[in-house]
Amino acid sequence: MEAIASGTRAGMAEQAGQQPKVAPVDEVLPANRLFFFGLQHVLVMYAGAIAVPILIGGAAGLSTEEIGLLISADLFVCGIASFIQSVGIWKFGIRLPLMMGCTFAAVPPMMAMVSSPDIGLRGMFGAIIAAGVITMLLAPLVGRMTKLFPPVVTGTVITVTGLNLIPVGVGWVAGRGPNAGDPVNLGITFLVLFAIIAINKYARGFLRNIAVLLGIVIGFIVTALLGRVDFSRVGQAHWFEFIAPFHFGAPEFHIAPIVALSIVMIVVMVETTGMMLAVAEMVGKKVTSRDVTRGLRVDGLGTFIGGVFNTFPYVTYSQNVGLVGVTGVKSRWVCATAGVIMIVLALFPKLSLMFALIPQAVLGGAGIVMFGMVAATGIKMLAGVDYKRDESRHNLFIVAVSVVVGMIPMVNDKVFSALPQWMSAFTHSGIVLAAVTALLLNLFLNGYQGSLAEDTIAKKVGG
């Protein structure tokens, strides 16, 4: 009935000579704005996007040139998956402003695979392909779990996601190695942070929406003027590089690696569901279990394509969720444009290397804002949860326990170290621990709410 009424209103608007109102999430912005907003998303996720290829390439003993190939392949698939997720093609893509990137949850098992002479790179890529197929098949089942994610669960997961991202941002601020805590790096970080805050306060319109991008550019220029950026590597990179499938040979399929990565992907899908609901909340779009299923299928499709093109499992990137909240730019076509930019960067290594030169101290200033915004979005959702009525008296207990459990890996990563290795996919991620804890506590204390829970989410997300 709602769809019919909506269509009737659109028809009446057309008859009256008016254009039907386009939802902010579906708005196609002018080309120049799409480019700069998209570029902002790329800069935010770039450091994380190239980290996994570097880690796996190093563990596999690959040459610098081969690691560069992994990075290009990663950017290429990031772009394809992000475009599909944002635009929506057939039964794939939730049509929200979301970026896709390699999941760090899969790094420990993948490092073990490439270090094993019986599995190696080809066995790892075979496991990635198989895990991608399994993820696509399981997406409808996991998608129906939206019924189990009322605001008390969703808000808790999003809050813990932001809190778990804070160490990443702090790591960028403090730096690593001999330069950790360098006063100059700290100064650059807070220069970027101040620039972003000042632009948000004094700028208007377009400039205000690209505050994070402008802050990063200002920080990069200052860092370069201080002589802390080495541009010599750009000259050594190729101008163009074709991304070839199965560069390391035909994939091999072994049961144990497939099972390990499939478990990781199931865990990741729970995490992805929380990210999708967070962005839906920010852009004011009503989402259903069918929409979530379409989004989860892209996790599987991106992972499958990743195995074909010599790269890794993919997931919705939480770093970019905060950017949507900071900028207020809700159009999904921004992330589609960011996907195209990443594909171009993958094909032109000189360009991609320029992005890789951005110091972590510069990204740290942006990270403080964005990762804090993810946590703030979760707190905002929790503020709307009822804690007073008798039937809602358990909600405060659910939030309290779940947040603490979700903080365990961040506070002390040794707590679960004595557990079996196969459990690491669950215990390494505070986001997953918080999601499972909140979900189970809500079922136990509040009971199964069925379609009512889904309606509550839809009402909350839809505003």
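For GLY295, the test of being at pLDDT below 85, crowded, with 24+ Cβ neighbours inside 10 Å and under 13 Å from THR146 (Cα atoms) is failed.
Scoring VAL25 on the criteria (1) at pLDDT 75 or above; (2) under 24 Å from SER262 (Cα atoms); (3) not in a loop (DSSP other than H, G, I, E, B) leaves a single failure, condition (2). Being at pLDDT below 85, in contact with a Phe, Trp or Tyr (Cβ under 9 Å, 6 or more places away or on another chain) and closer than 21 Å to HIS428 by Cβ holds for only one residue in MET110, MET124, and it is MET110.
Reported count of residues in the stretch 328-359, each being at pLDDT 80 or above and farther than 19 Å from ILE243 by Cα, is 11.
LEU141 - would you say it is free of Cβ contacts under 8 Å to residues at least 60 places away in the same chain and either in contact with a Ser or Thr (Cβ under 6 Å, 6 or more places away or on another chain) or within 21 Å of ARG294 (Cβ to Cβ) (or both)? Before you say what the answer is, go through the steps one by one.
Values: free of Cβ contacts under 8 Å to residues at least 60 places away in the same chain: yes; either in contact with a Ser or Thr (Cβ under 6 Å, 6 or more places away or on another chain) or within 21 Å of ARG294 (Cβ to Cβ) (or both): yes.
Taking the combined requirement at face value, the residue satisfies it.
With the structure loaded, tell me whether VAL170 is under 17 Å from the mean Cα position of the chain (by Cα), of a type in the set (A, V, I, L, M, F, W, C) and either under 25 Å from ALA224 (Cβ atoms) or crowded, with 24+ Cβ neighbours inside 10 Å (or both) or whether it fails that test. The answer is no for VAL170. What pairs can you find where one residue is in the stretch 330-354 and without any contact (Cβ under 8 Å) to a residue 40 or more places away in the chain, the other is assigned to a helix (DSSP H, G or I), and their Cβ atoms are less than 6 Å apart, with a gap of 6+ or different chains? The qualifying pairs are LEU351/LEU345. Any residue that is more than 30 Å from LEU396 (Cα to Cα) and either at pLDDT 90 or above or outside any helix (DSSP H, G or I) (or both) - is there at least one of those in the stretch 164-172? Scanning the stretch 164-172 turns up no residue that is more than 30 Å from LEU396 (Cα to Cα) and either at pLDDT 90 or above or outside any helix (DSSP H, G or I) (or both). No other residue among ILE305, ILE266 is surrounded by fewer than 23 Cβ atoms within 10 Å (Cβ to Cβ) and at pLDDT 90 or above apart from ILE305.
Restricting the search to the stretch 410-432, which residues are of a type outside the set (Phe, Trp, Tyr) and touching a residue at least 40 places away in the same chain (Cβ under 8 Å)? If the condition is that a residue be of a type outside the set (Phe, Trp, Tyr) and touching a residue at least 40 places away in the same chain (Cβ under 8 Å), then MET410, SER424, ALA425, HIS428, SER429, GLY430, ILE431, VAL432 are the ones that fit. Residues in the stretch 410-429 that are modelled with pLDDT under 80 and not aliphatic (A, V, I, L, M): ASP413, PRO420, GLN421, TRP422, SER424, PHE426, THR427, HIS428, SER429. Annotation note: of VAL107, VAL133, the sole residue that is under 19 Å from the mean Cα position of the chain (by Cα) and assigned to a helix (DSSP H, G or I) is VAL107.
A single entry from ARG95, ARG122, ARG144 fulfils the requirement of being under 30 Å from PHE37 (Cβ atoms) and either among the charged types (D, E, K, R) or not in a helix (DSSP H, G or I) (or both): ARG95. Restricting attention to the stretch 245-287, the residues being part of a loop (DSSP other than H, G, I, E, B) and farther than 24 Å from MET111 by Cβ number 4.
Considering only residues in the stretch 28-76 that are touching a residue at least 60 places away in the same chain (Cβ under 8 Å) and not in a helix (DSSP H, G or I), the one that is nearest to LEU363 (Cα to Cα) turns out to be LEU29. When the residues of the stretch 90-116 are filtered to those that are β-branched (Val, Ile, Thr) and closer than 23 Å to ALA278 by Cβ, which remaining residue is surrounded by the most Cβ atoms within 10 Å (Cβ to Cβ)? That would be ILE94.
The values are calculated or read from the model by the stated rules, or taken from the named source; none is laboratory data. Note that this is a predicted model, so its numbers are computed, not measured. All Cβ positions, even for glycine, are placed from backbone atoms using ideal geometry, and neighbour counts span all protein chains on display.
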